[in-house]
Amino acid sequence: MPVSRRHVLVGAAAVPLATGLLGAAPGFAAAEQGGEFLVGVGIADVTGPAAENGMMGYSMPQQQTAGIHLRTRARAFLIADGQRRIAFVTADLGALFQSVHQGVLRKLTATFGDLYTEDNVLLNATHTHAACGGDSHYAAYDLATLGFQEQVYNAVVDGIVDAITQAHESLSPGSISLGRAELTEASVNRSRTAFELNPRADRDHFPQAIDPAVTVLRFRQGDTDVGAIAWFATHGTSMSNGNRLISGDNKGYAAYTWEHDHAGVRYLDGAPGFVAAFAQTNSGDMTPNLNLTPGTAETEFENTRRIGELQFQAAKRAFDAAGDGIVGGVDHRMCYVDMSDVAVDAKYTPNGRPQRTCTAAIGVSMLAGSKEDGAGLPLSEGVQNPFIDWLGGIDAPVPRELASAQEPKVVAVPFGAMKPYPWAPEILPLQIIRIGQLYLVAGPAEYTIVAGLRIRRTVAAELSVPLENVLIQGYANAYSQYVTTPEEYDSQQYEGASTLFGRYTLPAYQQEFAKLAAAIRAGTSVPRGPVPRDLRGKLINLQPGVVADSAPALKSFGDVVTEAKATYRRGEQVAVTFVTGHPKNDLRRGGTFLEIQRFTDGKWVRHADDGDWATKFHWKRKLVAQSQATVTWDIPANTPAGKYRVVHFGNWKNGWNGHISAFTGTSRAFVVS
């Protein structure tokens, strides 16, 4: 299929170890005899380069990292019932790309053999728009990051594997209970025009045009709470497209609040005491920007805190009230489907006729972005025929066959027809995970609330279970943009224009998930399906690396440029600037670029670091090879009075021999009262 340059530019926007660790045979016996599970939790850092790396979500090349506000993390949960086990991971990422899914599974196989496989491992993303991008093997998701970023990829893969390994090593007899709540103040429908096109039966299910459901699993080992998974649908776009600090956005704040403020977890202190994951469901049309306007530099941190706090409070209510014990064991089914070529049975289509999905393509309205979360090109949503002439006609360069299959979408870029490889994956993983009476339908996309509802109804009917016991787990195991209902697709808002495989994408998902549900019900296996591509070694990177670092005349790395004051009051901000090197020299994954230290019992001890909400690490380039790091600390109201100091940890690169050396910088001591 010919693709013009104009269209390209428009779119640019080991088994022994496993057996040994599994040697918790007594634990399995207890799980089988006592009706309990083996449960384990883990958490690890997945933060990428804190400077000059494109961010994933808004697809804006100028949005490159320049520091850290909140480190991003992967949170893992393992559940074993004596016969089967599952691994569930939620990571603070914009998307969980197929490349990461493949890389994690390769590493798990190397360590655990066939204990953790694509069948029983479910990886998903919170969809924060403030994390590093560039870890996809597909061009559409690496355009804004100037190509594939290996540092990001390795940080994400290694972090997820670390979290799973930690959870594996913590496996112990325990129990799981289910809680529910509602939250109506943390989301609003950003695509109401499309939502209103759905039949009344669908709209009536969501009287406020949002999905308010909060579903929580409470994990215990013996009598000790060790973790929670909370599902709620809202976008990770509280931080704006002008932000350049790495952040877990609202769900990252919710997790941090529960783990840090309410469970006393210190991320650098070894094994966690409590792990709280805030996972997505069908959040495709759910925005946290309640006034339907993106945040600004003045409001985005407060927006993030407020929406995150609301999710934490709702999750905690459900957690405290969780009275339904999870019973019945675990199960799983998965397969790969070529979503660009699915023959859809008439029972799943709105008009009752057989249909077919088609080659992936995005529409013109997708290029406009979602103005409620962050606009793209200066175009309007709802674009249809007026832009055909602007694009050169329906036959050129997009063939009539594809244009017809994607109607009423006006095709901007035919992702699936790009050469030498499609710009987005079409062979996608579909999975259903059973945790007792709860079923997670894991799909590689962003589903609108009604699209999610229809899949849930299909799966619930196939399994003969209550609808509330079936959840959509979006952003899972791969990423392929949006899924709307056929009716929503017709309006060609941002979400419909981003639904890659045409008007019948959702019916195709309903059909294929129904097959997985039927296999679970019958206890039968399913065909694996086509093998997805492995594009390792075929990727490019145009983002410049670090050539060298230099310090200003008469200065050394770690020297203080702007010093702390002698005294501060609670509520004030401490700001100290240091001569630094490029953060890409050492990502300090699992570590920190800063510490706020308190003088206690005759020694300096860490009080806060760059994983804390009250701190910010800002990086700024000065001249060609010089840079500065500014550490700020907004002193919380509950900070103990005493003597403190700011410490910066960094690394600099020698331009002559490429050697990278660590350094430390320390501010003067100051008093907080």
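None of the figures in this text is laboratory data; all of them are computed from the coordinates on show. Remember, predicted model here, so these are calculated numbers, not experimental data. Here the Cβ positions follow ideal geometry from the backbone for every residue, glycine too, while neighbour counts run over all protein chains shown.
How high is the FRET efficiency between R528 and E182 when r is their beta carbon distance and R₀ equals 35 Å, given to the nearest 0.05? Mind dumping the intermediate values first?
Values: r = 39 Å, r/R0 = 1.11.
The calculated FRET efficiency here is 0.35.
Residue separation times 0.36 nm, minus the C-alpha to C-alpha distance between R536 and D269: what's the value?
Working: separation 267, 0.36 × 267 = 96.12 nm, distance 3.52 nm.
Gain on extension, R536 to D269, equals 92.6 nm.
Can you tell me the length gained on complete extension of the stretch I660 to A346, counting 0.36 nm per residue apart and subtracting the Cα distance?
On the way: separation 314, 0.36 × 314 = 113.04 nm, distance 6.20 nm.
Stretched out fully, the I660 to A346 stretch lengthens by 106.8 nm.
Provide the net charge surrounding M56, with neighbours chosen by a C-beta distance below 10 Å and charges set as Lys +1, Arg +1, Asp -1, Glu -1. Please report the intermediate quantities before stating the final value.
Numbers: positive: none; negative: D135, D142.
Overall, the nearby charge balance is -2.
Any idea how far the Cα center of the range 174-241 sits from the one of the range 524-590, in Å?
If we compute the Cα centre of each part, the gap is 33 Å.
Given the chain, report the % of alpha carbon pairs whose separation exceeds 46 Å. Working shown, then result.
On the way: 37066 of 226128 pairs.
The proportion of pairs with Cα distances above 46 Å equals 16 percent.
So if I take the centroid of the Cα atoms in the range 298-320 and the same for the range 328-350, what is the distance between those two points in Å?
34 Å
Taking only C-alpha pairs under 8 Å that are 6+ residues apart, what is the relative contact order of the range 560-672 in percent? Spell out each step's value before the answer.
Working: 250 pairs, mean separation 39.6, N = 113.
Over the range 560-672, the number comes to 35 percent.
If R₀ is 45 angstrom, what is the calculated FRET efficiency for the pair E169 and Q208, using the beta carbon separation as r and rounding to 0.05?
Working: r = 44 Å, r/R0 = 0.97.
Calculated value: 0.55.
Can you give me the long-range amide H partners of F278? Hydrogens built in the peptide plane at 1.01 Å from N, cutoff under 5 Å, separation of 5 or more residues or another chain.
The list, which skips near neighbours in sequence, is A230.
Assuming 0.36 nm per residue, please report the length gained on full extension of the stretch A548 to K419 beyond their Cα-Cα distance. Mind dumping the intermediate values first?
Working: separation 129, 0.36 × 129 = 46.44 nm, distance 3.61 nm.
Using 0.36 nm per residue and subtracting the Cα-Cα distance, I get 42.8 nm.
By its C-alpha gyration tensor, with a ≥ b ≥ c as the square roots of the eigenvalues, how is the range 413-571 shaped: rounded for a/c under 1.5, else prolate for a/b larger than b/c, else oblate?
Prolate shape, in that a/c is at least 1.5 and a/b is the bigger ratio.
In terms of the Cα gyration tensor, with a ≥ b ≥ c the square roots of its eigenvalues, is the range 560-672 rounded because a/c is under 1.5, prolate because a/b exceeds b/c, or oblate? Mind dumping the intermediate values first?
Details: a/c = 2.19, a/b = 1.91, b/c = 1.15.
Prolate, since a/c reaches 1.5 and a/b exceeds b/c.
What list of ³J(HN,Hα) values in whole Hz, one per residue of the range 121-130 in order, does the Karplus curve 6.51 cos²θ - 1.76 cosθ + 1.60 (θ = phi - 60°) give from phi, with Gly and Pro shown as x?
10, 10, 10, 8, 10, 7, 6, 4, 9, 10
Can you tell me the FRET efficiency between A321 and V561 if r is taken as the Cβ-Cβ distance and R0 is 45 Å, rounded to the nearest 0.05?
Details: r = 52 Å, r/R0 = 1.15.
Efficiency computed from Cβ-Cβ geometry: 0.30.
Using the Karplus curve 6.51 cos²θ - 1.76 cosθ + 1.60 with θ = phi - 60°, what ³J(HN,Hα) values do you get for each residue of the range 636-646, in whole Hz, with x for Gly and Pro?
For the range 636-646, the Karplus-derived couplings read x, 5, 9, 5, x, 5, x, 9, 9, 8, 10 Hz, x marking Gly and Pro.
Taking a ≥ b ≥ c as the square roots of the Cα gyration tensor eigenvalues, with a/c under 1.5 meaning rounded and otherwise prolate when a/b beats b/c, else oblate, which class fits the range 227-352? Walk me through the intermediate numbers first.
On the way: a/c = 2.09, a/b = 1.27, b/c = 1.65.
Cα axes put the range 227-352 in the oblate bin.
Tell me the mean residue ellipticity at 222 nm calculated for the chain from its helices only (DSSP H runs of n ≥ 4, each -39500 (n - 2.57), averaged over every residue, nearest 500). Display every interim value, and only then the final one.
On the way: 15 runs with 153 residues, N = 673.
Rounded to the nearest 500, the figure is -6500 deg cm²/dmol.
Given the alpha-carbon gyration tensor of the range 459-511, what are the semi-axes of its equivalent ellipsoid in whole angstrom, ordered largest first, with each equal to the square root of 5 times an eigenvalue?
Numbers: eigenvalues 107, 36, 19 Å².
Those come to 23, 13, 10 Å.
Once label points are set 7 Å from the Cα along Cα→Cβ at both R106 and L467, what is their separation, rounded to one decimal in nm?
Modelled inter-label distance: 4.3 nm.
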